[in-house]
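Visitor: One structure coming up, written as structure tokens, with questions to follow.
The values are calculated or read from the model by the stated rules, or taken from the named source; none is laboratory data. Owing to the predicted nature of the structure, the values given are computational and were not obtained by experimental measurement. All Cβ positions, glycine included, derive from the backbone under ideal geometry; neighbour counts span all protein chains shown. For accessibility, only protein heavy atoms count, side chains too; no ligands or nucleic acids. Shrake-Rupley method; radii C 1.70, N 1.55, O 1.52, S 1.80 Å.
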Amino acid sequence: MFNVNLTELGLSEKEALLYLLLLRNGPSPASSLAKRLQIKRVSLYSVLESLTERGMVAYEQTPLGRKYIPHDPICLLELLEKESAEVRHRLEIAKRFVEKLQAWVV
């Protein structure tokens, strides 16, 4: 159920499942996550990288390797607010550009 909501918010299915797994289980090494999701670690690392770039997951280096840590779900709102601001900015640029194009064509 929650994974569907997360995909509606723009996450891939694997990103959604991984984020939910981290929220439920807490900080975890990649090997444990890959085993639980039944995917290859190589595939898992690209999903972890994507979630890290989005600001939804962080990691800490331990003597035994990295442990991946989920950020609080409030980060979803922050992510969407940032995307919304970027879209509004691009929309303003587009409006000014269209006006210039229309004046140029005439």
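Visitor: So what is the orientation-averaged projected area of the chain, using the convex hull of its C-alpha atoms, in nm²?
Guide: Over all viewing directions, the chain projects a mean Cα-hull area of 9.0 nm².
Visitor: Now, a different point. Please list, by residue number, every one of the trypsin sites (Lys or Arg not before Pro) in the stretch 29-63 that is coil in DSSP and has at most 10 other beta-carbon atoms within 10 Å.
Guide: Hits after loop and neighbour filter: 40.
Visitor: Identify all lysines with a Cα-Cα distance to residue 35 below 19 Å; exclude those on the same chain that are fewer than 8 residues away in sequence.
Guide: List returned: 14, 67.
Visitor: Per residue, how much accessible area does the chain show when a 1.4 Å probe rolls over the protein heavy atoms, in square angstrom?
Guide: I get 73 Å² per residue for this part.
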